[in-house]
Structures are given as structure tokens and as C-alpha cells.
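The values are calculated or read from the model by the stated rules, or taken from the named source; none is laboratory data. None of the values given here were measured: they were computed from a predicted structure. Neighbour counts are summed over all protein chains in view; Cβ atoms, including those assigned to glycine, are modelled from backbone coordinates with ideal geometry.
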Amino acid sequence: MRAPATERGRLLLVLAAGTAVTVFTATVPLLRDWFDLRVYHGAVDTWIHHGGRLYDYRVPGTTYGFTYPPFAAVAMLPMALLDLRAAIAVGLLLNLAALAVVVRLLTGRAWRRHGWYGCALGACALALFEPLRDTFSFGQVNLLLLALVLVDAWLLATGRERWAGAGVGLAAAVKLTPALFIGLLLLARRGRAAAVATVVALTATGFAALVAPDASRFYWTDAMWDTARVGRLDYVSNQSLQGVLARLGETDRAVWAVAVLLTLGVWAVRARRAVAAGDWAAAFALTGLTACLVSPITWVHHLVWLLPSFAVLVRAGFFFF
């Protein structure tokens, strides 16, 4: 399919796409009622205001509670000052800001080449990207973590390496999956950045242990190893390798371990090639994709980590406007 050659044709296509996206988002019931943000808010509120244990909280009527490392709860402590509606509003604003940062870092100045037409179609594509919609409607934090990690990618790509790694370290302290980016820094022989990331992650984790020693002890010795707290491995929304194996009826952990090792091997080879070519965008895209595959549970909203992959494909000419 060729792009319209005239300005009028482009305008008509954008209007048609915008209308289709609006109708789709207005009629397809995909809103998640900020469920995950309700978990964050309820857990922090119970912990701070009612003396409850952080990891004992459950959303009323469900079995779901707080599943992130303790530093995530410490970072979310300002929620204790807000009611749920205010927390939702702040969460939406933070996700919008994070999305703006992510898009800016992924596109650079390339968006100018496509002009208003390409930007409009890109916005429509983002609106249809289910992981992004889920991130907003669940009230998830993945966009914020992606923004932190991509800031590090930008620092490395532009030679501003003094603070590179801090974003990865903070992201890894909030959720474990981004820790794979420390592995990327080691593969790329960016020892300073890897050290910064590791020190930041450990410092944040240590600070959380001082603030919440009981919660930290429980998380690192019990909750982290209990995948049932997060959800069923075989649920269709789990897009990780382990989710695929679980749906196939394969429960042997050794099979999953082999699949993970093979995936990590392919990632290591391809990521090193990308770094050797100076293509940090591709290296970070590969790492985000791999992290989603090797994590025991990767819900659909976690797949915002694929956004860098799409940016690489657009740059390579696989999509055009």
C-alpha cells in the first residue's frame, strides 16, 4: 500500500484512521479500571495508615496484592497522601509524561522527516497498541521504567556516560525484569555504567530494607519466589516463554531453563553485534524483548518494552507513512 501522494489524500487517511481508532477505543471494553494502581494505593495505604503488612494486602474480592520489591513501595509512599482519585490522576499524568519522553527518545529528530502526517498515523498506532492502552488503564508503572532505561540508552549513544546506568539501576530496584539491562552493559563492556546501575539498584534496595525491614525480609526470602502471587502461569495473557510452555502442558522447569538459556544466548550474540555497530537503540530493543521472554510472567501490559523494537523496525524501513 502506497502512501497518498497529495496533501488532501493524507488528510483524508488521517481522518479515517483517527475515526476508526476513536470508534474502536470507545466501543471495545478494554478499560481495566486502574486495577494495578488500586493495588499500589491500597497496599501503601494499609501499610502506612493502618499498620498492615505490605505483602498481606489484597484488593477486596480478589487474591491480588503487591508483588514488587520493597523499594517500589517506598517510591510510592507519596500515594499515602492522596485519595484514590487523586492517585489515578497523578498516575495518568506521569504515564503521559513518560510516554512523551519515550517517544522523543525513540524518534529523535526523525519525526520531522515524516511531518504531521507521519506523527498523526504514529499516534493512531500507539492508541491501538494494547500494551500501551493497558498500561494506562491498569495504572501500571512500566512506561516510567522504560523511560528511565531509555534515558540511559540516550546517554550511552551520545557519549554522556557519566551518569549512564542510574536509570537502569532505579528501574531494576522497582521491578526485577529491567535488571537484564545491567547484563547488556556488561556485554557492551561499559563497566562504569554497569557499576553505576548495580550500585544504584543495591543502594535503593538497601534503603528500602532500612525503611521496611520486615517487608524486605519477606519479599526476598518468600514472595519473590512465589509466582502464584502474580497469577497463573498458563493464563493466556502471560506472554513469556514459561507462559507458552505452561499452556502446552509442559511444567518441567528444566525445559523452561533450557529455553531461557537458548534465548539469552541468542540475545547476547545479537546485542553485542548491535553495540559493536554503535546501534544502542537496537541493543536496548533486543534486551527489552528478551526480558519479556525470559521473565516467568509477562502480562500484555509489560509488552510496552517492545516499543523500542518498533522504533528500530520503523527506522529500518519495515513500516512507512
- Message: Exactly one condition in (1) more than 15 Å from the chain's Cα centre (by Cα); (2) closer than 21 Å to residue 165 by Cβ is false for residue 270; which is it?
- Response: (2)
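Sort through 299, 225 and tell me the only one that's in contact with an Asp or Glu (Cβ under 9 Å, 6 or more places away or on another chain) and either within 23 Å of residue 63 (Cβ to Cβ) or surrounded by 14 or more Cβ atoms within 10 Å (Cβ to Cβ) (or both).
299
Matching residues to (1) within 22 Å of residue 169 (Cβ to Cβ); (2) assigned to a helix (DSSP H, G or I); (3) at pLDDT 95 or above:
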| residue | (1), (2), (3) |
| --- | --- |
| 196 | yes, yes, yes |
| 201 | yes, yes, yes |
| 206 | yes, yes, yes |
| 224 | yes, yes, no |
| 235 | no, no, no |
| 238 | no, no, no |
- Message: List pairs: first residue in segment 230-242 and without any contact (Cβ under 8 Å) to a residue 40 or more places away in the chain, second residue not in a loop (DSSP other than H, G, I, E, B) and not aromatic (Phe, Trp, Tyr) anywhere in the structure, Cβ distance under 6 angstrom, at least six positions apart or on different chains.
- Response: 234/246; 234/247
- Item | Close pairs from segment 4-29: first farther than 18 Å from residue 119 by Cβ, partner small (Gly, Ala, Ser) and in a helix (DSSP H, G or I), Cβ under 9 Å, at least 6 apart | 24/127; 25/127
- Message: Taking the conditions exactly as written (touching a Phe, Trp or Tyr at 6+ places or on another chain (Cβ under 9 Å), at pLDDT 95 or above and under 25 Å from residue 192 (Cα atoms)), does residue 144 satisfy them or not?
- Response: no
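Scan 246, 274, 259, 281 and give me the residue that is at pLDDT below 95, over 29 Å from residue 108 (Cα atoms) and either in a helix (DSSP H, G or I) or touching a Ser or Thr at 6+ places or on another chain (Cβ under 6 Å) (or both).
Values: 274 fails: over 29 Å from residue 108 (Cα atoms); 259 fails: at pLDDT below 95; 281 fails: over 29 Å from residue 108 (Cα atoms).
Going through 246, 274, 259, 281 in turn, just one is at pLDDT below 95, over 29 Å from residue 108 (Cα atoms) and either in a helix (DSSP H, G or I) or touching a Ser or Thr at 6+ places or on another chain (Cβ under 6 Å) (or both): 246.
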- Could you check residue 265 against (1) part of a helix (DSSP H, G or I); (2) of a type outside the set (Asp, Glu); (3) surrounded by 13 or more Cβ atoms within 10 Å (Cβ to Cβ) and say which number it fails? (3)
- Near pairs, Cβ below 8 angstrom, 6+ apart or cross-chain, from segment 164-184 (buried (at least 24 other Cβ atoms within 10 Å of the Cβ)) to any residue that is assigned to a helix (DSSP H, G or I) and acidic (Asp, Glu): 164/152; 165/152; 167/152; 168/152; 181/152
